[in-house]
Amino acid sequence: MDERRNTKISQRKSPQQARSSELVSAILQAATQVLEQEGATRFTTARVAERAGVSIGSLYQYFPNKAAILFRLQSEEWQRTGDLLGSILRDRTVSARQRLHQLTRAFLLSECEEAAMRTALNDAAPLYRDAPEVAAARAAGENVMSDFLFELLPQWDEKERLRAADLINSTLGNVGKHFSETARSDTEIEDYARDMADMFCVWIREKGADMQ
């Protein structure tokens, strides 16, 4: 990566008009293409601007550096994942056990479908992972899991619940990263998801939850 590391990762300004929104959208779409095709080591603002068909000055109106662009892509990915997990875990018409099975399958499928992008974002993480905005961007997914555990184990204090949520989220993330490094069939995804969900269910049941 040939640009100096810069911890300023907040977007400079938010687009207020349709034309500005289209410009930011074009920049992010181009950034996604550059990252997927060339990887984190060759990702630069100049390449993104060229791919988007905009001047480097126009890009810098909204993003101060490449770390800001990468963080925006990463935070949007976290948001999509958090929304996906939340839609599953908050559905109380489905048993907790079924929800965990649905969650692990959806997560692994998502990891496999977006493996190239997520690998590249992981490689780029040193550019922005120490910035204060990162913790806030990741909080949504962690809160979803914590709320699910509160439903199952209301007797736990917040510290225990947050630790357990972090353990499950970390396991999902690390296993998903490793699993998606190899091309997987639908059957492999189903089998792996089922086994991982069963592991979570056994562990949560041992903590005192009803996992019917």
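Please enumerate the residues belonging to region 120-134 that are closer than 20 Å to ILE168 by Cα and open to solvent by 20 Å² or more (accessible area, probe 1.4 Å).
Passing the criteria: only ASN122.
Looking at ALA209, ALA140, ALA120, ALA183, which one is at pLDDT below 90 and closer than 27 Å to THR41 by Cα? Full working, then the answer.
Values: ALA209 fails: closer than 27 Å to THR41 by Cα; ALA140 fails: closer than 27 Å to THR41 by Cα; ALA183 fails: at pLDDT below 90.
None of the other options fit; the residue is ALA120.
Test MET117 against the stated conditions and say whether it is open to solvent by less than 10 Å² (accessible area, probe 1.4 Å) and within 30 Å of THR187 (Cβ to Cβ).
So MET117 fails the test.
Please name all residue pairs, on different chains or six or more residues apart, with Cβ atoms under 9 Å, provided the first residue is in region 23-40 and is of a type in the set (D, E, K, R) and the second residue is open to solvent by less than 60 Å² (accessible area, probe 1.4 Å).
GLU36/MET117; GLU36/ALA120; GLU38/ALA120
Among (1) open to solvent by less than 20 Å² (accessible area, probe 1.4 Å); (2) modelled with pLDDT of 95 or more, where does HIS101 come up short?
Unmet for HIS101, out of (1) open to solvent by less than 20 Å² (accessible area, probe 1.4 Å); (2) modelled with pLDDT of 95 or more: (1).
Only one of ARG51, ARG47 is within 19 Å of LEU127 (Cα to Cα), open to solvent by 60 Å² or more (accessible area, probe 1.4 Å) and either in contact with a Pro (Cβ under 7 Å, 6 or more places away or on another chain) or free of Cβ contacts under 8 Å to residues at least 24 places away in the same chain (or both). Can you tell me which?
Of ARG51, ARG47, the one residue that is within 19 Å of LEU127 (Cα to Cα), open to solvent by 60 Å² or more (accessible area, probe 1.4 Å) and either in contact with a Pro (Cβ under 7 Å, 6 or more places away or on another chain) or free of Cβ contacts under 8 Å to residues at least 24 places away in the same chain (or both) is ARG47.
Every residue in region 166-208 that is surrounded by fewer than 16 Cβ atoms within 10 Å (Cβ to Cβ) and either at positive phi or touching a Cys at 6+ places or on another chain (Cβ under 6 Å) (or both), please.
GLY208
The values are calculated or read from the model by the stated rules, or taken from the named source; none is laboratory data. Every value quoted in this text rests on a predicted model; they were computed, and no experiment measured them. Here the Cβ is made from the backbone with ideal geometry for all residues, glycine too, and neighbour counts use every protein chain on show. Each accessible area value is taken on the protein alone, full model and side chains, heavy atoms only, with ligands, DNA and RNA left out. Shrake-Rupley method; radii C 1.70, N 1.55, O 1.52, S 1.80 Å.
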